[in-house]
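Working notes for the structure below.
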Amino acid sequence: MIADFHSSLQELRTAIRSSSAPPAWIKKQIVDIKLSVVSQAASPESGFNASQALIELYDSIITEVFARHRLFENEAVCIFALGGYGRREMNLFSDIDINLVYGTTAVPDAIRTSIQPFIAQLWDMGLELGHSVRSIEDCVSLALQDAEIRTSLLDARYIAGDTVTASKFRQAVQNRIHTQDPQAYIQSRIQHMRARHRHHGNSERVLEPDIKEGKGALRDLHTLYWVIQTAFRISRETKTSTSHTIVALRTLGDQHILSSDEIDRTEKAADFLMAVRNALHMFAKRRNDRLSYSVQLQLATYFGYQDTPEAKGVEVFMRRYYSEARHISHTCITAIHKLHVKFAQPSSDNARLPLENGFYLWQHGGARTLEFNGDFGEHIRKEPRWLIRIFTLAQKYNATLSDTLQATLREHHYMLDEALITHREVIRDFLEIWRCEGQIASTLRTMHELTLLEKMVPEFGYIVAHYNYNIYHKYTTDEHLIVAVESLERLFFDEVTRDIDIKHLRQIYEELTLDERYQLYWAVFLHDIGKSRGGDHSEIGVTLAGDIFRRLQYTDGVETIQFLILNHLHMEQTAFRRNLKDSETIQNFVTLIGDRRRLRMLYLLTYADMSAANKNVWTEWKSLLLQELFFRTDDALKAHAGESSDFSTWKELDYAGIVYDGKLSVSFTDRERYTEVIVVTTDAPYRLATLCGALSVCDVSIIDAQIHTREDGIIVDQFRIFDQWSQKPTTDIQKNKIRSILTEVLEKPEELTAHLHRHRDRWKRKKFIAEQPTEIYFEDNRRFTIIDIFAADRIGLLYTITHALSDLGLNIHSAKIGTRLDGVADCFYVTERDGKKIVSVYRQEEIRSKILNLLR
């Protein structure tokens, strides 16, 4: 690649210099070279190599074009690269920013005019430049007023032009900008980084990370570079073909701030992220920094990650990304803190409140920070149990750990070894953390960020950065568990009661005793601990929880915690996939639960799990279904205890008393979060499929369907629906449309096909949905056969399935319709035409084959 690259580059430079080739040829040659550089660097360790080649390409083009514009020969004008171009860190479609610097106090109009043809020629060649024209004084003045401009000048790298002006510009940056209040500048970069992290999920372990701006992404390294530049005023007089960030990073080794191993590890992590960003740009054919679900498989394949019996290649690829991002995040936070301390002003004694054991509380701006008066590292080395005890102290005073304490804990995490985690006092302190409501999740998050949580609970370390290739979860498993604890803990605070759903859940939470809440927090934290080990993660989680509690010498409530872990999916599966009007469904769930205490704990665990999976998972209608299951089960449990029970969300209809006058009847009743639709008409083949098809073209989602056929051949079907986009009760316009289309298609069934075609055309640009293999299961019920169908979502899917079931000669008595992020989960209660259940395995296979063939 290197030989071909330099040969093509030399040919390009000659063509520009001699004007021997038309602009179109030059433009195409530049594109071809760029794509060749990136496509031939299909290795996760090739990021910086490709970057340096792109830098050489752009420098050569700009230098040659600049040389041709002789208007600059006798002028004090030079060109500096800015941003990633200045730092020698370019990806395929990175911005190309330059600053044309003039040596006098003001840029003459003649110079500004003469620069325009130079810029225009570069644009004609396909270089989409961002450029500025400023005098040295302008640069200094603006940089002192604006931190972003100051930051851009820290990246400045000389490309071409008057060397005397370039030298003066460098001196001005070094002596007049770098020296201005470095502490305030470093603090502004830290605040900017924290705000950026919050905007991108405040975690390295999100499903679709931003590889440039997210936590642990490239921008964290850039921030570290700017802080290093400010701290050490690194000169750019000497040319280098290496990334300036990497050069600055090596300075930290010289200053004994980072070890050589840490620096090497960070360089490799940065190289990986650069390679991935190049590939992202290449696949998108534009600048794209989001590692979206739809492109992850492409990237894994491109970089040679293959499926194995143990894991999918894409999962291994993403685990590496999370591992590299986490290392970058930790390195940057640690190094930036140490450099910030270099310029920190001593705090006022008036803001310090002395505490026990040499600690003090620093109060500032309403915040409370825990600090140590002395060398905390030496304190830990003498008494290693402070690696855990410090968190109970922070909870006691409702304070956060200072950056210094966090950096020290991170450096000494290795001391939390197998002997220490079984020490009686360490165990006591760790268990105490779980009893401080309101600070449990934040403490666990801090411990995890400092790698202490996986030390204290080694089973948790096994799922760090564990990634499942599906769009159901927003986070990796370790992050999901902590977010789930955060979701549960929100019920502890008063301000959440504005939301009616949360208010109801908070009332349930308050009914628990302190010991029950303690057990519930543990269950939430451990509910997915069995993932990534193969087999049923719920069953594996029960075993692992037993191991954890034996090591912690904890016995109270372990059986309850294990019950919740084992059954943490059962409540949502029942609520979303079973007919809650069927007494057998409720009785089976009652038998599983056993008592009202466990029902409340499982209900809250289900909420915490779902709300932490993805913002689109916990929806109003799912909350409604879970509430219905909760109240029906709670009433059944009360009835067993001899208490009254009267809960019902379905309107119990007097089917026999409904008068049918020979015309279609469609009535609507708006509930709080959905619309109930009752359709009365004559029975006919494929009638339910027709009704479902008609509803689907009206942009509504069906939650439930209850089907009743009277002896006189009249059907009374009930549907619970809501608007597909707002997830609220349907509008009057939708109701009129539903009534109109139902009237039309029942009179002329052939019109439904035309409506479905038009509807598919409307929504053919549907968002990406993962490949969900179709799965079909049969379950026996007292009166029916239950068919569960899991499949990728598509327009008109419910119509297709109900039509197929009618083709197969089945009667559908009720249906539960569930749309998930990664597909649909639909449940049908059916019988044969003669009212009998499906008992033959051959008949079940016939039904399965028919539906599978239709959905391929």
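The values are calculated or read from the model by the stated rules, or taken from the named source; none is laboratory data. Source: prediction; values computed, not measured. Virtual Cβ from ideal backbone geometry, glycine too; neighbours counted across all protein chains shown. Just so you know, the surface numbers come from the protein's heavy atoms only, side chains and all, with ligands and any DNA or RNA stripped out. Shrake-Rupley method; radii C 1.70, N 1.55, O 1.52, S 1.80 Å.
Look at segment 56-85: where a residue is within 16 Å of Thr113 (Cα to Cα) and part of a helix (DSSP H, G or I) and a partner is at pLDDT 90 or above and of a type in the set (Gly, Ala, Ser), sitting 6+ places away or on another chain with Cβ atoms under 6 Å, you get Phe66/Ala160. Please indicate, with yes or no, whether at least one residue in segment 19-35 is within 25 Å of Leu221 (Cβ to Cβ), among the hydrophobic types (A, V, I, L, M, F, W, C) and in contact (Cβ under 8 Å) with a residue 24 or more places away in the chain. Taking every residue of segment 19-35 in turn, none turns out to be within 25 Å of Leu221 (Cβ to Cβ), among the hydrophobic types (A, V, I, L, M, F, W, C) and in contact (Cβ under 8 Å) with a residue 24 or more places away in the chain. For segment 306-322, a residue qualifies if it is open to solvent by less than 50 Å² (accessible area, probe 1.4 Å) and either at pLDDT 90 or above or in contact with a Phe, Trp or Tyr (Cβ under 8 Å, 6 or more places away or on another chain) (or both), and the qualifying residues are Gly313, Val314, Glu315, Phe317, Met318, Tyr321, Tyr322. Is it true that some residue in segment 660-668 is modelled with pLDDT of 85 or more, within 30 Å of Thr574 (Cα to Cα) and buried (at least 20 other Cβ atoms within 10 Å of the Cβ)? No, that holds for no residue.
Applying the condition of being at pLDDT below 80 and out of contact with any His (no Cβ under 7 Å at 6 or more places or on another chain) to segment 606-617 and asking which residue is surrounded by the fewest Cβ atoms within 10 Å (Cβ to Cβ) yields Lys615. Given the criteria open to solvent by less than 10 Å² (accessible area, probe 1.4 Å), aliphatic (A, V, I, L, M) and assigned to a loop (DSSP other than H, G, I, E, B), does Leu580 qualify? When the stated conditions are applied, Leu580 passes them. For segment 137-157, residues that are farther than 24 Å from Arg189 by Cβ and either open to solvent by less than 20 Å² (accessible area, probe 1.4 Å) or in contact with a helix residue (DSSP H, G or I) (Cβ under 6 Å, 6 or more places away or on another chain) (or both) total 0.
Would you mind stating whether Ala367 is loosely packed, with under 14 Cβ neighbours inside 10 Å, of a type in the set (A, V, I, L, M) and more than 34 Å from the chain's Cα centre (by Cα)? Criteria not met by Ala367. Listed by position, the helices (runs of 4 or more DSSP H) contained in segment 414-455 that have at least 1 residues being closer than 22 Å to Phe492 by Cα are 424-433, 440-449.
When you go through Gln10, Gln40 one by one, which is the residue that is free of Cβ contacts under 8 Å to residues at least 24 places away in the same chain and farther than 22 Å from Glu128 by Cβ? None of the others qualify; the one that does is Gln10.
For the condition open to solvent by less than 50 Å² (accessible area, probe 1.4 Å), in contact with a strand residue (DSSP E or B) (Cβ under 7 Å, 6 or more places away or on another chain) and either among the aromatic types (Phe, Trp, Tyr) or without any contact (Cβ under 8 Å) to a residue 60 or more places away in the chain (or both), Phe525 does not qualify. All of Ser43, Ser20, Ser51, Ser36 fail the test of being open to solvent by 30 Å² or more (accessible area, probe 1.4 Å) and in a helix (DSSP H, G or I), apart from Ser36. State yes or no: is Glu620 open to solvent by 20 Å² or more (accessible area, probe 1.4 Å) and not small (Gly, Ala, Ser)? Criteria met by Glu620.
Per-residue answers, yes or no, for (1) open to solvent by 40 Å² or more (accessible area, probe 1.4 Å); (2) assigned by the TED database to the domain that holds Gly823; (3) within 20 Å of the chain's Cα centre (by Cα); (4) modelled with pLDDT of 95 or more:
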| site | (1), (2), (3), (4) |
| --- | --- |
| Leu444 | no, no, yes, yes |
| Met447 | no, no, no, yes |
| Lys474 | yes, no, yes, no |
| Arg498 | yes, no, no, no |
| Lys531 | no, no, yes, no |
| Val542 | no, no, no, yes |
| Ala545 | no, no, no, yes |
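Taking the criterion of being over 17 Å from Pro23 (Cα atoms) and of a type outside the set (A, V, I, L, M), the residues of segment 49-62 that qualify are Asn49, Ser51, Gln52, Glu56, Asp59. In this structure, does Arg720 turn out to be under 23 Å from Lys663 (Cα atoms), open to solvent by less than 30 Å² (accessible area, probe 1.4 Å), of a type in the set (D, E, K, R) and touching a residue at least 24 places away in the same chain (Cβ under 8 Å)? The answer is yes for Arg720.
Residue count for segment 145-195 under the criterion of being touching a residue at least 60 places away in the same chain (Cβ under 8 Å) and among the acidic types (Asp, Glu): the result is 2.
Is it the case that Ile561 is of a type outside the set (D, E, K, R) and part of a helix (DSSP H, G or I)? Criteria met by Ile561. For Ile741, indicate whether it is closer than 30 Å to Asn853 by Cβ and open to solvent by less than 50 Å² (accessible area, probe 1.4 Å). Yes: the conditions hold for Ile741.
Restricting the search to helices (runs of 4 or more DSSP H) fully inside segment 123-231 and requiring at least 1 residues that are of a type in the set (Gly, Ala, Ser) and assigned by the TED database to the domain that holds Ala279 gives 182-199. Checking Ser241, Ser292 one by one, the residue that is open to solvent by 10 Å² or more (accessible area, probe 1.4 Å), touching a residue at least 60 places away in the same chain (Cβ under 8 Å) and within 15 Å of the chain's Cα centre (by Cα) is Ser292 and no other. Got a number for residues in segment 531-558 being without any contact (Cβ under 8 Å) to a residue 40 or more places away in the chain and in a helix (DSSP H, G or I)? Final tally of qualifying residues: 12.
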